[in-house]
Amino acid sequence: MTLQFSGAEARVLRGLLEDVSGDIVVRLDADGFIVHATENAHVLGLDLSTLLLMPHVADFADAGSAAQVHEYVNAVFAGEPEAGWIEFPLAMPPEPGEGEAPAGLALPKAQAPQPWFALNLRLVEPDDGAPQGALGLIRSVQERADRRPHPGDGQAIDPSTGLITRNALRADLRQAISRGREPVAAIFAVDRMRAMFMQYGQRTVDEIQWGFGRFLKSMEQPGQRLAQIDGERFAMLLPGMSLGEARGWAGEVLHTFAGLSDPSSSRAPELTASAGLARGEVSEDWTLRQAELGLVMARAGGGMRVGLGRKRAPSRHAELSCSRRVERAVNEAVMRAVQNRS
C-alpha cells in the first residue's frame, strides 16, 4: 500500500521515523480511525483492502486496555503535549480448534504469549481549519512485556520457574474477591511424591516437579494465572468458569498429564496428579484453604481425581462466633497461666 502525505504530514512523519526499524506507520482520521497503514500492519491482523469499515486504533487493544487507548487518542487530538507512548496487549481473536482431542476430550491448546505493542501519535496541524487527524507508529514491545512483573505483593515472578509467586497469586485473588468476582481457585499436585522421593531420590522428584509445572503452564489459557505455591503444589486462578466447568477442565488436565507421562518402561514411575477446587469468596485465605481441602480429599480417594472444597462460605455470624471462641480460649489460657504462677 502506497501512502501519500501532505507537507504537514511529511514533517510529522520525519519526526516519527527517526531511528525507526520495523515500526508500523498509520494515519488516522480526525475520529481516530485508521485510513492508511504500511504493509507490515499484517502483524496486527490488519488488511485494509479487505475491510468495508476502517477500524479505530483502539480496536487492536484487548478489552482491558481499549478504554485507556481511547483516552490516549482523545488526549492527542485535544492537543495535550507530551502524550508519549502507550502500551497495550493485542486483542486476540478466538482460534478454531485444530484436530480432535485424544480419547474424546476437548483439551485446551497451549497458548502463545499475548503480543504487546506501543502506540505513539502526533497530531497533524489543521489545514484551512479542517482537522487532519494524526500520524503514528505502532511498535512491538513484546520483549519488554515478557519481563514485566504482574502486580502483586513482593516479587511477582519466581526467577527459578518463571511463574508468578504465591504472594502475587494471593494478591490477584484478593483483588478479584473484593470486586465481587468469584474466580475458581485450583491447586494441583503430583500424586505419591513422598514415595517417589524414597524410591528415586530428590533429583528425580525435582525433575518431575519442573516438568509438571511446565505442563501446567502449557495448559494455561488467557486470563488464567499459574503460581508455584510451595515445593510440591501449584495453584491456578480460573476466572470466567463455574465450579462445574472448572471441574471438567481440571479433569481433562489430569487425564492429559497421565497420558503424556505414561512410562516407556516398567521401571519408570507412573505419574498421576490430583486437583482441589474452590470458588473464590470470603477471602483469599479461605478460598485457598478450601481448594487445599479438595486436594486432600482427591488424594484420599486414590489420586487422579478432582476434589471440591466447601461450596458455600460460612456466614459472617459463624466467622465471628469462631473468632470469639478462639479469643476466649486464649484469654482463659492466659488467666490460668497467671493463676498457676501466683
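The values are calculated or read from the model by the stated rules, or taken from the named source; none is laboratory data. On a predicted model such as this, the values are computed, not experimentally measured, just so you know. For neighbour counting, all protein chains shown are included, and Cβ atoms are generated from backbone atoms with ideal geometry for every residue, glycine included. Side chains included, ligands, DNA and RNA excluded: accessible areas come from the protein's heavy atoms. Shrake-Rupley method; radii C 1.70, N 1.55, O 1.52, S 1.80 Å.
Quick look at the values:
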| quantity | calculated |
| --- | --- |
| Residue in segment 244-253 that is at pLDDT below 90 and surrounded by fewer than 20 Cβ atoms within 10 Å (Cβ to Cβ) present | no |
| Filtered residue count, segment 196-234, keeping only those that are farther than 25 Å from Leu169 by Cβ and open to solvent by less than 60 Å² (accessible area, probe 1.4 Å) | 3 |
| Selection count where residues are more than 21 Å from Val124 (Cβ to Cβ) and of a type in the set (A, V, I, L, M, F, W, C), scope segment 50-76 | 7 |
| Residue satisfying all of: in segment 47-57; in a helix (DSSP H, G or I) and surrounded by fewer than 17 Cβ atoms within 10 Å (Cβ to Cβ); modelled with the highest pLDDT among these | Thr50 |
| Members of segment 26-46 found to be surrounded by fewer than 19 Cβ atoms within 10 Å (Cβ to Cβ) and in a loop (DSSP other than H, G, I, E, B), listed by number | Asp29, Ala30, Asp31, Thr38, Gly45 |
| Strands (runs of 3 or more DSSP E) completely within segment 183-257 that count 2 or more residues being out of contact with any Phe, Trp or Tyr (no Cβ under 9 Å at 6 or more places or on another chain), without any contact (Cβ under 8 Å) to a residue 60 or more places away in the chain and not hydrophobic (A, V, I, L, M, F, W, C) | none |
| Every residue from segment 285-307 that is buried (at least 21 other Cβ atoms within 10 Å of the Cβ) and not small (Gly, Ala, Ser) | Thr287, Leu288, Gln290, Leu295, Arg305, Val306 |
